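Below is one structure, written out as structure tokens; comments come after it.
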Amino acid sequence: MALLQQVDERNLMEIGQELHQFASELYPICRSITGDGIRETLARIGKRIPLQISEVPSGTQVFDWTVPKEWNIRDAHIKDSTGKRVVNFQQSSLHVMNYSTPVRARMSLSELRPHLFTLPEQPDLIPYRTSYYKPDWGFCLSHNQMLSLTDREYEVCIDSTLDDGYLTYGEFCVSGRNSEEVLISVHACHPSLANDNLSGLAVATFLAKLLIGRELRYSYRFLFIPGTIGAIAWLARNREKANRIRHGLVLTCIGDEGGFHYKKSRRGDAEIDRAAAHVLRHCGEASEILDFSPYGYDERQYCSPGFNLPVGCLMRSVWGTFPEYHTSADDLKFIHPQQLAGSLRACASILDVLEGNRKYCNQNPYCEPQLGKRDLYRSTGGQTIGAEINARLWVLNYSDGEHSLLDIAERSGLPFSMIYDAAELLKQSGLLGVATGSSGAESGSR
Ligand SMILES: [Zn+2]
């Protein structure tokens with residue numbers, strides 16, 4: 001049974017609500033690229049799928065980067081002269097600049113000002129700011145909130161620690177018949193941000209769960225990692241394993257109401273690029289294909305020239321282009337059950353293409369085989385043939401050992417699932433054989 005079928009056997013809204021519920025559970029946690037927030041997030045993912053946790057010590061050199069000190073935070077606030085918390089970390093994890101050094105001081109508003117970050121253009125939203133590699137501290141607040149600060153003096157507290165510790169990431173691995181791997185990578189380092197972070201985490205977790213206990217062609221590796229430094233650390237520590245990656249997807253921003261965007265791998269014509277484009281063309285939602293660019297999420301690392309892995313990035317709205325991006329408006333209301341479920345369907349369909357795509361040889365290539373006597377054609381002549389019969393003719397004609405099922409799906413304009421089903425039927429009737437000497441030969445085991 002195809003993965004998509006496994007998703008569609010259940011009520012889609014129900015799956016969407018479960019995805020949203022999982023995002024809601026993770027939302028309040030103050031994540032960062034290191035520390036207990038990402039550990040707690042991985043622990044909750046680990047309750048749903050078996051996760052291997054790795055801890056990389058601070059100071060470890062990973063290519064050109066160094067794993068930073070571990071950051072943890074208990075509390076933070078700005079109190080006015082009456083002792084009232086006018087900015088309170090307990091209300092939003094975005095209120096503190098991520099990786100802020102500890103502070104405990106009384107200071108004038110003019111001294112405090114350079115440490116306050118707002119969005120004057122979006123005066124009601126709290127921005128998301130980080131300072132991972134430059135020691136600094138700061139508070140993020142809405143511009144209107146800042147304008148209401150009129151006292152002369154404030155009490156400032158950031159109860160954080162920056163110590164030698166670890167960078168933590170989680171891996172879910174499942175073995176297939178083949179040791180070649182499909183990589184699914186999601187970042188898990190943003191605090192209370194729903195689309196940019198939690199949508200990818202939720203969809204990846206549910207996608208991983210679908211693979212458990214299945215007979216698979218490829219082996220799968222899911223990485224739940226801090227952005228940038230996490231992908232760099234994984235690649236630096238796993239160069240051998242990286243060589244096994246045949247197809248990969250970075251998932252981010254896949255819960256909002258926008259249509260799909262797929263950013264191609266650096267190679268641009270990898271099988272994952274074609275599989276994603278094909279699935280999106282047939283998924284019934286708006287979609288757009290984008291060329292590779294060296295800015296974005298962790299596809300930047302996987303597609304760095306030394307690795308040049310076939311890894312693309314699946315999104316709905318493109319990061320950096322929607323007004324809610326990296327602000328408090330990227331909250332649980334910004335992501336929706338229906339879109340989360342739709343993204344899970346798209347991912348399942350893409351994996352179905354990767355699992356099912358191979359080359360065959362028509363065993364009866366001299367003129368068309370007589371499908372009618374094999375019960376593979378309609379019994380009475382008519383004006384049009386059905387799409388299923390059309391798919392059989394496409395598969396028979398192009399199964400010359402050169403064209404894969406994805407090639408045939410692209411040429412015919414028919415969805416891959418229909419081409420795949422036609423090939424299965426023709427195989428059973430002895431009309432198709434697995435092409436030898438091609439990557440399709442692996443498909444011999446059924
Ligand atoms: Zn981000």
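The requirement of being open to solvent by 30 Å² or more (accessible area, probe 1.4 Å), more than 16 Å from the ligand (Cβ to nearest atom), in contact with a strand residue (DSSP E or B) (Cβ under 9 Å, 6 or more places away or on another chain) and closer than 30 Å to residue 401 by Cβ is fulfilled nowhere in the range 310-319; no residue meets it. For residue 101, the conditions (1) open to solvent by less than 20 Å² (accessible area, probe 1.4 Å); (2) touching a Pro at 6+ places or on another chain (Cβ under 6 Å) all hold with the exception of (1). Scanning the range 320-341 for residues that are assigned to a helix (DSSP H, G or I) and open to solvent by less than 10 Å² (accessible area, probe 1.4 Å) turns up 340, 341. For the range 342-371, give me each residue that is assigned to a loop (DSSP other than H, G, I, E, B) and of a type in the set (Ser, Thr, Tyr). 366, the sole residue that qualifies.
Are any of the residues in the range 33-43 open to solvent by less than 30 Å² (accessible area, probe 1.4 Å) and more than 22 Å from residue 161 (Cβ to Cβ)?
Checked the range 33-43: no residue is open to solvent by less than 30 Å² (accessible area, probe 1.4 Å) and more than 22 Å from residue 161 (Cβ to Cβ).
Taking the range 118-141 as the range and being part of a loop (DSSP other than H, G, I, E, B) and touching a residue at least 60 places away in the same chain (Cβ under 8 Å) as the test, the residues that pass are 119, 122, 125, 126, 128, 132, 133. For the residues 269, 256, the requirement of being acidic (Asp, Glu), within 16 Å of the ligand (Cβ to nearest atom), more than 12 Å from the chain's Cα centre (by Cα) and not in a strand (DSSP E or B) singles out 256.
Just one residue in the set 344, 251 is open to solvent by less than 50 Å² (accessible area, probe 1.4 Å), at pLDDT 95 or above, away from the ligand (no atom under 16 Å from the Cβ) and not aromatic (Phe, Trp, Tyr); that residue is 344. When residue 105 is tested against (1) free of Cβ contacts under 8 Å to residues at least 40 places away in the same chain; (2) more than 16 Å from the ligand (Cβ to nearest atom); (3) of a type outside the set (Phe, Trp, Tyr), just one condition goes unmet, and that condition is (1).
Every residue in the range 320-345 that is touching a helix residue (DSSP H, G or I) at 6+ places or on another chain (Cβ under 6 Å) and not polar (S, T, N, Q), please.
If the condition is that a residue be touching a helix residue (DSSP H, G or I) at 6+ places or on another chain (Cβ under 6 Å) and not polar (S, T, N, Q), then 330, 331, 332, 334, 335, 337, 340, 341, 344, 345 are the ones that fit.
For residues in the range 174-194 being within 11 Å of the ligand (Cβ to nearest atom) and open to solvent by less than 10 Å² (accessible area, probe 1.4 Å), which is nearest to residue 33 (Cα to Cα)? Ranking the candidates gives 189 first. Would it be correct to say that residue 171 is more than 18 Å from the chain's Cα centre (by Cα), surrounded by fewer than 24 Cβ atoms within 10 Å (Cβ to Cβ), more than 16 Å from the ligand (Cβ to nearest atom) and outside any loop (DSSP other than H, G, I, E, B)? No, not satisfied. Against the conditions (1) in a strand (DSSP E or B); (2) crowded, with 21+ Cβ neighbours inside 10 Å, residue 197 satisfies every one except (1).
The values are calculated or read from the model by the stated rules, or taken from the named source; none is laboratory data. All values derive from a computational prediction rather than experimental measurement. Cβ: placed from backbone, ideal geometry, glycine included. Neighbour counts: every protein chain shown. Just the protein is used for accessible areas: all its heavy atoms, side chains included, with ligands, DNA and RNA removed. Shrake-Rupley method; radii C 1.70, N 1.55, O 1.52, S 1.80 Å.
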